[in-house]
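Working notes, beginning with the structure itself.
The values are calculated or read from the model by the stated rules, or taken from the named source; none is laboratory data. Model, not experiment: these values are computed from the prediction. Reconstructed Cβ throughout: ideal geometry from the backbone, glycine too, with neighbour counts over all protein chains shown. Ligands, DNA and RNA are stripped out before the accessible areas are found, and what is left, the full protein with its side chains, is counted by its heavy atoms. Shrake-Rupley method; radii C 1.70, N 1.55, O 1.52, S 1.80 Å.
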Amino acid sequence: MNLAIGLSLVILFAVGVPIAVSILLASIIGIEYFSRLPLLMVPQQMFVGLDHFPLMAIPFFILAGNLMAGGGISSRLVDLAKSIVGGVQGGLAMSCVLTCMMFAAVSGSSVATTFAIGAILIPAMVRHGYPKPLAASIQASSAELGVLIPPSIPLILFGVSTNTSIGQLFIAGIGPGLLIGGALLVFLYVFCKLRGYGLQDREDRSEFLVAFRRAWAALLMPVVVIGGIYGGVFTPTEAAAVAVFYALVVGGLVYRELTLADLGPILRQSVLSTAAVMLIIAAAALFSFLISRSGLPREVAGWVTAVFDSPWTFLLAVNILLLAVGMFIETGAAILVLAPILTPIAIQFGIHPVHFGLVMVVNLALGMITPPLGVNLFAACAVAKISIDQMLPHLVRFVLVVLTCLMAITYMPWISMGLVNLLY
């Protein structure tokens, strides 16, 4: 059955069938033709996969991110970032990274971050002399921080699929997010100095106090959400609902840029995004049930422990696997299918599941900026109105920077676990 499902999945991917539909159809083929299970298992296991309270956080965080994007948050965060780093050569490019780090703590989605920040900063960088493909590459690479810095939808999916604490995963994501963000900032500063980009970046820069006064309400949101979770005031799921309420208040009453007329399109977009994510989760739950029932995880675990004799070699193999997977499979689907198989093996090697979760998410986040199916690339190309092949020469540099950070996160567990060990 495993072979039949695997071949079906590869064929469906190859002919361009959407990921969620491919997983669902491959599972149905496996049940109908290669097992004795009734087709009633399809809706049953799909429902079981969605019947997890923490998953309620996903639609709320998606809605909160859309509300913040439509409520004037993006422009204020951009102005604040420019006031901090815009005074140096390359400051506009560095502002893109810094803004994405701040917006990531609001939206939890890299694609939302690409559209919300890229619509402002890509044209601004082009006006200041940056080549458009370079500007789009900077935006796509910076936006992947949206899946690392909490709140993060992929971290929620990993926690649900492996029964790992979502609160610990959130706090563990802070270190890797800051590391990658800091590495991108340093690289851009040196790169712009060497290439002569950003000589006019000091123009149109607000004073820090002025920009901070305009953005303080937006900056309070991650403080309220994350502080409430770690202060024991509410769970991550309840925090997502608080984030929606806060976004409505800030966008509608504080900034007065969110009107009743805006709510219809925002709710529609949030429903569509939620439905797409939930369909993937439901289909992956059915797929995981069939794989687990077939005994494949035990066979894989036995093979891996026989071939790899140390955590170091196992993590290297996992990195290579996930980098390849991330290039072709959507992040959420990859987590839901692979995390339940790989995490128990990692635990056998003495690797903490929270650390392994961050290694997995950073790997798959890298897939968001690598062709052929990098979602951030498509989003950045849509904003910049260019093709992916124009971005590739510039993109290689950023991929290498993130790869270097990935190796550090993989083999220096304290980057992820330092705050977790301190607070738990």
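Annotations
- Subset of segment 126-181 (residues that are touching a residue at least 60 places away in the same chain (Cβ under 8 Å) and part of a loop (DSSP other than H, G, I, E, B)): 128, 129, 130, 131, 148, 150, 151, 152, 164, 165, 173
- Set 415, 351: member being more than 30 Å from residue 131 (Cα to Cα), touching a residue at least 40 places away in the same chain (Cβ under 8 Å) and part of a helix (DSSP H, G or I): 415
- Residue within segment 317-332 that is without any contact (Cβ under 8 Å) to a residue 40 or more places away in the chain and surrounded by 22 or more Cβ atoms within 10 Å (Cβ to Cβ) present: no
- Of the helices (runs of 4 or more DSSP H) that lie entirely inside segment 1-111, those containing 1 or more residues that are in contact (Cβ under 8 Å) with a residue 12 or more places away in the chain, among the aromatic types (Phe, Trp, Tyr) and surrounded by fewer than 17 Cβ atoms within 10 Å (Cβ to Cβ) span 19-34, 41-50.
- Residue match in segment 212-231 (condition: in contact (Cβ under 8 Å) with a residue 60 or more places away in the chain and of a type in the set (Lys, Arg)): yes
- In segment 116-130, of all residues being open to solvent by 20 Å² or more (accessible area, probe 1.4 Å) and touching a helix residue (DSSP H, G or I) at 6+ places or on another chain (Cβ under 6 Å), the one that is farthest from residue 385 (Cα to Cα) corresponds to 128.
Quick grid of which residues meet (1) crowded, with 17+ Cβ neighbours inside 10 Å; (2) touching a strand residue (DSSP E or B) at 6+ places or on another chain (Cβ under 9 Å); (3) closer than 19 Å to residue 153 by Cα:
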| position | (1), (2), (3) |
| --- | --- |
| 334 | yes, no, yes |
| 346 | yes, no, no |
| 354 | yes, no, yes |
| 366 | yes, no, yes |
| 380 | yes, no, no |
| 393 | no, no, no |
| 404 | no, no, no |
| 417 | yes, no, no |
| 423 | no, no, no |
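- Picking from residues in segment 386-400 that are hydrophobic (A, V, I, L, M, F, W, C) and either assigned to a loop (DSSP other than H, G, I, E, B) or over 17 Å from the mean Cα position of the chain (by Cα) (or both), the one that is nearest to residue 363 (Cα to Cα) is 400.
- Total residues in segment 230-246, condition closer than 18 Å to residue 157 by Cα, assigned to a helix (DSSP H, G or I) and open to solvent by 20 Å² or more (accessible area, probe 1.4 Å): 3
- Meets criteria (at pLDDT 80 or above, of a type in the set (Val, Ile, Thr) and open to solvent by 50 Å² or more (accessible area, probe 1.4 Å)) for residue 305: no
- Subset of segment 201-211 that is touching a residue at least 24 places away in the same chain (Cβ under 8 Å) and exposed (fewer than 13 other Cβ atoms within 10 Å of the Cβ) - its residue that is nearest to residue 76 (Cα to Cα): 210
- Matching option when the condition is touching a Ser or Thr at 6+ places or on another chain (Cβ under 7 Å), modelled with pLDDT of 85 or more and hydrophobic (A, V, I, L, M, F, W, C), among 187, 191, 158, 212: 158
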